[in-house]
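The structure appears right after this line, and notes come after that.
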Amino acid sequence: MSNPITVDQIINKFPSRFVAEKAVDFSAVFQFELEDDTDFYLAIADQQCQAIKGEHDDPNITLIMNAATMIEVVNGELDGMSAFMQGRLRAEGNLLLAPKLGELFSHDNQND
């Protein structure tokens, strides 16, 4: 097993994993509030994705979890719905956007 991935690495990797074809006529801001790490958001518009540290003024959905949960979900070790059902993930705002997040990003499990 290689070094554990960090939240900073995840933030930096989101744009390269973005699947633009899945975002035709779609725009949204996904805020990630990490209880023990850096908050960031994904701004998706015009088939482009930006990952920006900090808090957005008016996100469409806010996902609240700790860094370990975030890393497990991104690595494909934990399904987002399972994390939600276990109480490890909370969501506020337009909850219908949550499943879309998984569709917008490729899920290769390589620690590159």
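Every residue in segment 12-36 that is among the hydroxyl-bearing types (Ser, Thr, Tyr) and assigned to a helix (DSSP H, G or I), please. Explain how you work it out, then say what you get.
Narrowing segment 12-36 to residues among the hydroxyl-bearing types (Ser, Thr, Tyr): 16, 27.
Matches in segment 12-36: Ser16 only.
Which of the residues spanning segment 37-56 are part of a loop (DSSP other than H, G, I, E, B) and not polar (S, T, N, Q)? It would help to see each step written out before you state the result.
Going through segment 37-56, the residues part of a loop (DSSP other than H, G, I, E, B) turn out to be 37-39, 46-47, 54-56.
Asp37, Asp39, Asp46, Gly54, Glu55, His56 - these are the residues of segment 37-56 that are part of a loop (DSSP other than H, G, I, E, B) and not polar (S, T, N, Q).
Exactly one of (1) in a loop (DSSP other than H, G, I, E, B); (2) touching a helix residue (DSSP H, G or I) at 6+ places or on another chain (Cβ under 8 Å); (3) within 17 Å of Val29 (Cβ to Cβ) is unmet by Arg88. Its number?
So Arg88 meets the others, but not (3).
Among the residues of segment 15-51 satisfying the criterion of being of a type in the set (D, E, K, R), farther than 15 Å from Lys100 by Cα and in contact with a helix residue (DSSP H, G or I) (Cβ under 6 Å, 6 or more places away or on another chain), which is surrounded by the most Cβ atoms within 10 Å (Cβ to Cβ)?
First pass over segment 15-51, keeping only residues of a type in the set (D, E, K, R): 17, 21-22, 25, 33, 35-37, 39, 46.
If we keep only those that are farther than 15 Å from Lys100 by Cα too, we end up with 33, 35-37, 39, 46.
Filter again for in contact with a helix residue (DSSP H, G or I) (Cβ under 6 Å, 6 or more places away or on another chain), leaving 36-37.
Details: Asp36: 10, Asp37: 19.
Per the criteria, the residue is Asp37.
Within segment 23-67, how many residues turn out to be more than 14 Å from Ala91 (Cα to Cα) and either of a type outside the set (A, V, I, L, M, F, W, C) or touching a residue at least 60 places away in the same chain (Cβ under 8 Å) (or both)?
First, the residues of segment 23-67 that are more than 14 Å from Ala91 (Cα to Cα): 23-28, 36-40, 42-58, 67.
With the extra rule that they be either of a type outside the set (A, V, I, L, M, F, W, C) or touching a residue at least 60 places away in the same chain (Cβ under 8 Å) (or both), the set shrinks to 23, 25-28, 36-39, 44, 46-48, 50, 53-58, 67.
Residues meeting the conditions: 21.
Any read-out appearing in this document is the output of simple, stated calculations on the displayed coordinates, not a laboratory observation. Note that the coordinates shown come from a computational prediction; the quantities given were computed from them, not determined experimentally. Neighbour counts run over all protein chains shown; Cβ positions are idealised from the backbone, glycine included.
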